[in-house]
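A short reminder: the numbers here are calculations on the coordinates, not readings from a lab. Quick caveat: nothing in here was measured; it's all calculated off a predicted structure. Counting neighbours? That spans all protein chains shown, and the Cβs are built from the backbone with ideal geometry, glycine included.
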Amino acid sequence: MNHISLTINKKMYSIDVEEDVRLIDLLRDQLFLTGTKEGCGEGECGACTVIMDGRVVNSCLVMAFQAEGSNITTIEGMSDKDELHPIQKAFLDKGAVQCGFCTPGMVLSAKSLLDKNENPTREEIREGISGNLCRCTGYNKIVDAIELASKEIREEKKE
Amino acid sequence: MKPLNIVGSRVIRVDGKAKVKGEAIYPQDIYLDGMLYGKTIRSTKVHAMIEVDTKKAETVEGVVKILTYKDVTGENHHGVVFKDHEVFCSKKVRRIGDPIAFVIANSERVAKKAAEMIEIKYKELPAVFNPIDAMKEDSIKIHGDSNIIYHYKCRKGNVNEGFEKSHVIVEREYKTSMVEHAFLQPEAGVSYIDEEGKICVCASTQYPHFDQIEVAEALGLKLENVKIMNPAVGGAFGGREDITLQIHLALATMVTKKPVKVVYTREESFHAHSKRHPIIMKYKTGADKNGKLLSMEVNLIGDTGSYASWAINVMRKAGIHATGPYEIPNVKIDSYAVYTNNPFCGAMRGFGATQTPIGSEQQMDIIANELGIDPIQIRLINGFKVGSETSNGQVLSESVPLKRCIEEVKNRMFKE
Ligand code: FES
Ligand code: FES
């Protein structure tokens, strides 16, 4: 058993975790942050994407004890209760959501991309979501959504 | 007519907001108090007689119960058309991945550990993997006394006369491969007993109403005592049309009187659900000098693997669509569905209509090439239009914008 302290969605946690517990298990089974999804458990699909200290990681490949001291954003930390982040809004406006199982991971990968590069090309957007699989949409609408979100965010800043 | 509110306007899907916020509930996101966990034990052999010994596994601390075919209280079967699946294999396994037992334990960890301790003695049987071999009289049989479970015949005009009149005849064989749906959300489910004493199963499914019948029949319960709930579904594409974990969960809850959860890994998901039928297609197509199709003979052999699932419907549809969207006066189509020891095949995006264009469209290109006609032109010459009759005799009376579509694509693709 390990005792770890970390920040998740701006909230401090101090919690006991077993050695073999992955970050995704900690988030889902212990903290019930079930917006983080498991599609493969081996780093292929990106459904479990979270942002850890400013970088996207597959939470199925990070052991919980490795998250000691880190700062994590999950999909639950993207927006307040009834609000939508411009990326989330753009996903809805562009029809980029179908079954939705890839969506939390996609949204977080998009956020991490736009945090670093606020005006990416479509090519750079594709690169930015290359770690996330979607079986439903065919990706084009997701790229459209991220393009739209980047525009909205830039305009918001100007105002 | 009143103006329509939804059709023709842009609306946000009802479940959209919950999905972008990570609030949509898929079955794996459900946690109930006092919940037990299940783990399925599956066959590792393609074809074998089995003997199962659960004694050692039962002694693992935290194991509540291990279910096998002996615990099935109703009919030990399910299947969308034929009841050829067993809930748990009783004597024989017919493919890798056939379910044999289900451990119920107080944690996922214990369930997995106990699952590894179940002893299965396999007496291996000869197996057949090639559907052409499986069709032969003397082939080993997967179920019953023939592996051929379906033969669709379509006859129109007289193909021999059509070929005699043809200027060019093209004969080729095509094969498609088995395809996995790989929907992003692996199967998961939770079962419990509600206040009215009904057995409830939450699982992502394409057929809650079918599942209800299958669960009730396998448990020996009245239909109204079984409830199936369909939370968010993480993709399906046909792969959630057959029963996977629904009966196992319902039975586990009925026996233990406790909520039970099971979540498949990606690998188990591959084993648990159907695949797209691979089809061996023999095509013979004849056309006149101008590229007008005159005759077509097609033989389709669909490998449905170890269980029928929707094979009949899939291979019928493959047969009906075998000509492609083209007018042909003389047609002879034979389409078969055949059992083998391969993974079982069922519905997947297009339901048989996806495979045949691999054959029919390549035939069109080859004929065009042999006649020196543009491949787009040959499609415009033969394409369905209003008034066309399909191979199975349907007269298309409205809305056949195929030629418009081809021309639109052509204009955009070859625009200077
Ligand atoms: S679940 Fe982590 S990458 Fe697929
Ligand atoms: S919306 Fe279904 S996997 Fe992306």
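Per residue of A:86-95, what is the mean number of Cβ atoms on other protein chains within 10 angstrom of that residue's Cβ?
Mean shielding count: 3.
Over chain A, what relative contact order in percent results from Cα pairs under 8 Å that are six or more residues apart?
Values: 275 pairs, mean separation 37.6, N = 159.
Reported as a whole number, the value is 24 percent.
Explain nothing, just the number: relative contact order of chain B, from Cα pairs under 8 Å at least 6 residues apart, as a whole percent.
After rounding, I find 19 percent.
Roughly what % of Cα-Cα distances in the stretch A:86-158 sit above 15 Å, to the whole percent?
44 percent
Students often check this: by mean Cβ neighbours within 10 Å, which of B:125-136, B:85-96 ranks highest, and how do the rest follow?
Order by mean packing, descending: B:85-96, B:125-136.
What is the packing order of peptides B:137-144, B:159-166, taking the mean over residues of other C-beta atoms within 10 Å and listing the highest first?
Output ranking for B:137-144, B:159-166: B:159-166, B:137-144.
Calculate, for B:K141 and B:K415, the FRET efficiency according to 1/(1 + (r/R0)^6) with r their C-beta to C-beta distance and R0 60 Å; round to the nearest 0.05.
My answer for the efficiency is 0.55.
Any idea what the dipole of the stretch A:2-77 comes to, in debye rounded to 20, about its Cα centre with Lys/Arg Cβ at +1 and Asp/Glu Cβ at -1?
It comes to approximately 420 debye.
Which loop-located trypsin sites (Lys or Arg not before Pro) does the stretch A:35-101 contain, where loop means any DSSP state but H, G, I, E or B and the Cβ has at most 11 other Cβ atoms within 10 Å? Write down the numbers at each step before the final one.
On the way: sites: A:K37, A:R55, A:K81, A:K89, A:K94; in loops: A:K37, A:K81, A:K94.
Loop-located and lightly packed - A:K81.
For labels at B:S177 and B:K112 in the simple 7 Å Cα→Cβ model, what's the distance in nm?
Going from the B:S177 label point to the B:K112 one covers 3.0 nm.
May I ask you to evaluate 6.51 cos²θ - 1.76 cosθ + 1.60, the Karplus curve with θ = phi - 60°, for each residue of the stretch B:193-204 and list the ³J(HN,Hα) values in order in whole Hz, giving x for glycine and proline?
Each residue's phi maps through the Karplus curve to give 9, 8, 4, 8, x, 7, 7, 10, 10, 9, 8, 6 Hz.
What net charge is computed for the residues neighbouring A:I51, neighbours being all others with C-beta under 10 Å from the C-beta of A:I51, Lys and Arg scored +1, Asp and Glu -1?
0
Mind ordering B:53-61, A:10-18, B:102-110 by average Cβ neighbours within 10 Å, highest first? Write down the numbers at each step before the final one.
On the way: B:53-61: 14.2, A:10-18: 12.0, B:102-110: 20.8.
Ranking the peptides B:53-61, A:10-18, B:102-110 by packing returns B:102-110, B:53-61, A:10-18.
Taking K and R as +1 and D and E as -1, what net charge do the other residues with C-beta under 15 Å from the C-beta of A:I72 add up to?
Working: positive: A:K10, A:K11, A:R22, A:R28, A:R55, A:K111; negative: A:D25, A:D53, A:E68, A:E76, A:D115.
It works out to a net charge of +1.
What's the extension gain from B:I213 to B:M35 if we count 0.36 nm per residue and subtract their Cα-Cα distance?
Roughly 61.6 nm would be gained on extension.
Could you work out how far the C-alpha centroid of the stretch B:285-357 sits from that of the stretch A:67-99, in angstrom?
Taking the Cα centre of each part, the stretch B:285-357 and the stretch A:67-99 sit 44 Å apart.
By DSSP, what percent of the beta bridges with both residues in the stretch A:2-77 are antiparallel, rounded to the nearest 5?
90 percent
Can you check what the net charge comes to around A:E19, using other residues whose Cβ is under 14 Å from the Cβ of A:E19 (Lys, Arg +1; Asp, Glu -1)?
After counting each charged neighbour, the total is -3.
So between B:M1 and B:E61, what do we pick up on full extension, going 0.36 nm a residue minus the alpha carbon distance? Each step should come with its number before you reach the end.
Values: separation 60, 0.36 × 60 = 21.60 nm, distance 6.77 nm.
Difference between extended and current length: 14.8 nm.
Please tell me which of these pairs span more than 30 angstrom C-alpha to C-alpha: B:K21/B:K65; A:K89/B:K410; B:K175/B:K410?
B:K21/B:K65; A:K89/B:K410
Over the stretch A:2-77, what is the relative contact order in percent, taking alpha-carbon pairs closer than 8 angstrom and at least six residues apart? Walk me through the numbers before you get to the answer.
Details: 148 pairs, mean separation 31.0, N = 76.
Relative contact order here is 41 percent.
Classify the protein assembly as shown from the C-alpha gyration tensor, please: rounded if a/c falls under 1.5, else prolate or oblate depending on whether a/b exceeds b/c.
oblate
Which whole-Hz ³J(HN,Hα) couplings does the stretch B:368-376 yield from phi under the Karplus relation 6.51 cos²θ - 1.76 cosθ + 1.60, θ = phi - 60°, glycine and proline marked x?
Each residue's phi maps through the Karplus curve to give 4, 4, 5, 8, x, 9, 5, x, 6 Hz.
If I stretch the segment between A:D16 and A:R55 completely, what's the gain in nm (0.36 nm per residue apart, minus their alpha carbon distance), one decimal?
Difference between extended and current length: 11.6 nm.
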